[in-house]
Amino acid sequence: MHDRARIHVAAGAGGDGCLSFRREAHVPRGGPDGGDGGRGGDVVLVCDESLRDLETFRRRPTYRAPRGGHGEGALRHGAGGATLELGVPPGTEALVEADGSRHDLVRDGQRALVARGGPGGRGNKRFAGPTHQTPRFAERGLPGEETWVALALKLLAEVGLIGLPNAGKSSLLRRLTRAQPKVAGYPFTTLAPVLGTLATDGRDLVLADIPGLIEGASEGVGLGHEFLAHVERCRLLVHVLDLAPLDGSDPVDNHRTVESELADYDPRLAGLPRVLVLSKADLVDATTAAAAQAWWRERFAGTDTPVLVTSSATGAGLRALARELERRAPALPETASASSDAPAMRELAAHRTYRPAAPRAYRVRRTGAGGFAVEGDGIERLVARYDLDNEEALAHLERRLRGIGVLRALEAEGFEPGDEVQIAGVAFDLDPEA
Ligand SMILES: Nc1nc2c(ncn2[C@@H]2O[C@H](COP(=O)(O)OP(=O)(O)OP(=O)(O)O)[C@@H](O)[C@H]2O)c(=O)[nH]1
Ligand SMILES: [Mg+2]
């Protein structure tokens, strides 16, 4: 099972703006007509429920979206680069290494933008104005974002098995699925959630053996983030209740203990529908098992909680349980509109993104007597847009630098006319009087 991959993605560069003047036989000196470059294509992850693992990404780790077209004369704009969509299975968590943002892709069709295409450059037509009718420069398109993206697949359980330690949860999971959790005759055998897939006629259901629920979940071994990630999609809980506890305890008390611990631990989980499974039926005689089942059915009369009797030793009741789970676990991912759903589920299904605060566009640093440097991604991208051998482009850039407050920031650091300013490796002669 390929549940991890690291891929390199590069969005497309923006197309260059065009430097062009109208040329027509009867128009001796036409105006500027250079079109804009198109935007580069984005790289987007798309959650696709038909996918099961991340194997394709291990075979092929690099992806590049197409660039935007260059602008052309006669005001023809370059075409935008197509978005590159990469399908990922539900349960994929993506960490964008360039900026530390994280995306959880849970629902079919969810999208996460991981690398933004570069903007296209503007053609010279855009710089024409009343005072400047024949601009002889155009902007370059900018490179698209590039980054490594770490993908991790969290199999998300749809059905959770809960119950006291030693109740027989792991044994059930072994019988219902191909998972092989350890089974032993003492409590707390299972310390971390174990997942298994129950293949039914219609679809695969992921079952989680949820351990240690009653041991004070917050301190519990193997719980915490990892644990919650697996069970946050549960839509149904199977409460496994031992018909013949070794310690002679009363099943009714045991049932209450687990339910109240669950309510303390996570109210959302506690609010899910239940199936009650009376386990280890082979350890009691048939009459006792039937009486217990009747008693619990009576108790849940009027609620929609089925009561089943099973034995992992003999296999009794397992087929009925599988059918019950298939019937009751609502199909996921949701295709119906999320708005009709319970608020908790809505929140869960929402595409969550964790994005660190954006860095400032630039910062100013003194590099020695009469020298300054202006640094930062934003400012370097701005400088990259222009051909600095072109006087007009340079003058335009200097105006923009003033416009975004670079000169003021320099002056605050003690800049004086004649001081040298380095930006992206280029020396600028910024004149406060201009
Ligand atoms: N006879 C019999 N024994 C069972 C049955 N189910 C489980 N057991 C036994 O009960 C003990 C506990 O079973 P587990 O499946 O490990 O129970 P668990 O709920 O996963 O326990 P923890 O992981 O400790 O929470 C083991 O000795 C099993 O062999 C059953 O249907 N019949
Ligand atoms: Mg167990």
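Read-outs throughout are calculated quantities, based only on the coordinates presented, and are distinct from any laboratory measurement. Just so it is clear, the model here is predicted, and its values are computed rather than measured. Here Cβ is always computed from backbone atoms with ideal geometry, including for glycine, and neighbour counts include all displayed protein chains.
Apply the Kirkwood formula to region 5-119: the hydrodynamic radius equals the inverse of the mean of 1/r over all pairs of different alpha-carbon atoms; give it in Å with one decimal.
Over region 5-119, the inverse of the mean reciprocal pair distance is 15.9 Å.
Cα-based count: Lys pairs in the chain below 22 Å, eight or more positions apart or different chains?
Taking the Cα cut-off of 22 Å, the pair count is 5.
What is the magnitude of the charge dipole of the chain about its Cα centre, with +1 placed on the Cβ of each Lys and Arg, -1 on the Cβ of each Asp and Glu, and no other charges, expressed in debye to the nearest 20?
Dipole about the Cα centre, nearest 20: 1120 debye.
With the contact rule set at Cα under 8 Å and sequence spacing of 6 or more, what percent relative contact order holds for the chain?
Relative contact order comes out at 14 percent.
Using amide H atoms built 1.01 Å from N in the peptide plane, name the residues 5+ places from residue 21, or on other chains, whose amide H lies under 5 Å from its own.
33
For region 363-428, just the Cα set please: Rg and Dmax, both in angstrom.
Rg, Dmax (Cα atoms, Å): 11.2, 30.
Would you mind putting 313-322, 235-244, 30-39 in packing order, based on average other-beta-carbon counts within 10 Å, highest first? Mind showing how you got there, number by number?
Working: 313-322: 15.2, 235-244: 22.4, 30-39: 24.3.
Ranked by mean Cβ neighbours within 10 Å, highest first: 30-39, 235-244, 313-322.
With the dipole of the chain worked out from charges on the C-beta (+1 for Lys and Arg, -1 for Asp and Glu) around the Cα centre, which of 12, 240, 114 lies farthest toward the positive end?
It is 12.
Antiparallel as a % of all DSSP beta bridges within region 363-428, to the nearest 5?
Working: 8 of 12 bridges.
The answer is about 65 percent antiparallel.
Relative contact order of region 363-428: what whole-number percent is it, with Cα pairs under 8 angstrom and at least 6 residues apart?
45 percent.
Could you list 106, 114 so that the one with the fewest beta carbons within 10 Å of its beta carbon is first and the one with the most is last?
Fewest-to-most Cβ neighbours within 10 Å comes out as 106, 114.
Over region 159-331, what is the relative contact order in percent, taking alpha-carbon pairs closer than 8 angstrom and at least six residues apart?
23 percent.
Nothing charged except the Cβ atoms of Lys and Arg (+1) and of Asp and Glu (-1): what's the magnitude of the dipole of region 363-428 about its Cα centre? Round to the nearest 20 debye. Mind showing how you got there, number by number?
Working: 9 positive and 13 negative charges, 67 e Å.
The dipole magnitude comes to about 320 debye.
Go through 62, 273, 415 and say which Cα lies farthest out towards the positive end of the charge dipole of the chain; charges sit on Cβ, +1 for Lys and Arg, -1 for Asp and Glu.
The residue sitting most towards the positive pole is 62.
With unit charges on the beta carbons (Lys and Arg positive, Asp and Glu negative) and the dipole taken about the Cα centre of region 159-331, which residue among 312, 187, 200 sits farthest to the positive side?
200
Which part of region 369-404 falls in the paramagnetic zone of residue 429, meaning amide N under 19 Å from the point 7 Å along Cα-to-beta-carbon?
It comes to 370-374, 387-402, nothing else.
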